[in-house]
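Here's the structure, in structure tokens; my notes come after.
Every read-out reported here was derived from the displayed coordinates using simple, explicitly stated rules and does not represent laboratory data. Note that this is a predicted model, so its numbers are computed, not measured. Using ideal geometry, Cβ is built from the backbone for each residue, glycine included, and neighbour counts are taken over all protein chains shown.
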Amino acid sequence: MSAPQEFDCLLIVLVSTRNPLNMGAAARAMSNFDCLRLRVVNPYDPAFREARSAVGASSVLGHAEQFASVAEAVADCTLVVGTTATGKRELQHSLLRLDEGAPLIRERMRSGKVALLFGSEKTGLSSKDLAHCHWLMHIPTRLEHLSMNLGQAVAVCLYEIARERDFAPETNEPRGGHASAAGVERMTGVLLEALHSSGYIREFAPVDIEERVRRLIRRMNLRASDADVWLGILRQIVWKLKSGRQ
């Protein structure tokens, strides 16, 4: 697969972005590196419309897809990576430096769609957003100033992913071999139903229990065929639990 075709499998997802200048800068960086697939989740409408006029970014922004939730935005992706400035935040995911994560992203782009998530300028990605990620990635910066401007962060990440494009090892992994986010979410939904029906998740369970389950499932990094098997198993369990109460 040629480099331009590979980069068609990399999706930049901006979540709750507000500043039109930041959106324009991110889109321009995407155009610089031939990464043209932009998805936005709950953008601040005036900023999103204004950003369409950004120099060098109009084409990317004009074709951006808009979604109401992260789950919908990454549904067709087989790998979802969240970005974070870390800081004092307690993380529940594996965290890789950009130079460690970029080769993994590069490899997975050969076999399916990869979503790279960036949060809002003020708060970053929420715990709910992160629950849809397989792992997290950060750009190593000095402790006194951890966070980067959105446009700069997108540019640095894309540079690191793109710079080895002519030397990336070939892989025999079949295209679409890993389960899509939508497939994983279907399985997660049935698992949660089973956990509620069995009494494992009780009425006064911790409020973040569903986020924990989502993180657990994504750490399994399931193949599409395995996710289908688990979906069938869990549906049978749910049916048995419900029929046993009748």
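Sites listed here are trypsin sites (Lys or Arg not before Pro) in region 120-157 whose DSSP assignment is loop and whose Cβ has at most 11 other Cβ atoms within 10 Å: 122, 142.
Between the exposed loop cleavage positions of the chain, defined as chymotrypsin sites (Phe, Trp or Tyr not before Pro) in a non-H, G, I, E, B DSSP state with at most 13 neighbouring beta-carbon atoms within 10 angstrom, the longest gap is 1-166. Put a plus charge on the Cβ of each Lys and Arg, a minus charge on the Cβ of each Asp and Glu, and nothing anywhere else: the dipole of the chain about its Cα centre is then about 560 debye. For the chain, complete DSSP H runs whose alpha carbons reach 20 Å or more along their own long axis and whose mean Kyte-Doolittle score is 0.0 or higher are 181-198, 224-244. With K and R counted +1 and D and E -1, the other residues having a Cβ less than 9 Å from that of residue 12 yield a net charge of +2.
FRET efficiency for the pair residue 8 and residue 95, taken as 1/(1 + (r/R0)^6) with r the Cβ-Cβ distance and R0 = 30 Å, rounds to 0.65. Only one of the listed values, [x] 24; [y] 17; [z] 11, was derived from the coordinates as percent of Cα pairs over 35 Å apart; which label is it? Only one option fits the structure, namely [y].
Applying 0.36 nm per residue to the separation of residue 127 and residue 68 and subtracting their alpha-carbon distance, the gain on full extension is 19.6 nm. For region 181-244, just say rounded, prolate or oblate: build the C-alpha gyration tensor, square-root its eigenvalues into a ≥ b ≥ c, call rounded for a/c under 1.5, and beyond that prolate if a/b exceeds b/c, oblate if not. In terms of gyration-tensor shape, oblate.
Arranged from fewest to most other beta-carbon atoms within 10 Å of their beta carbon, 150, 216 become 216, 150.
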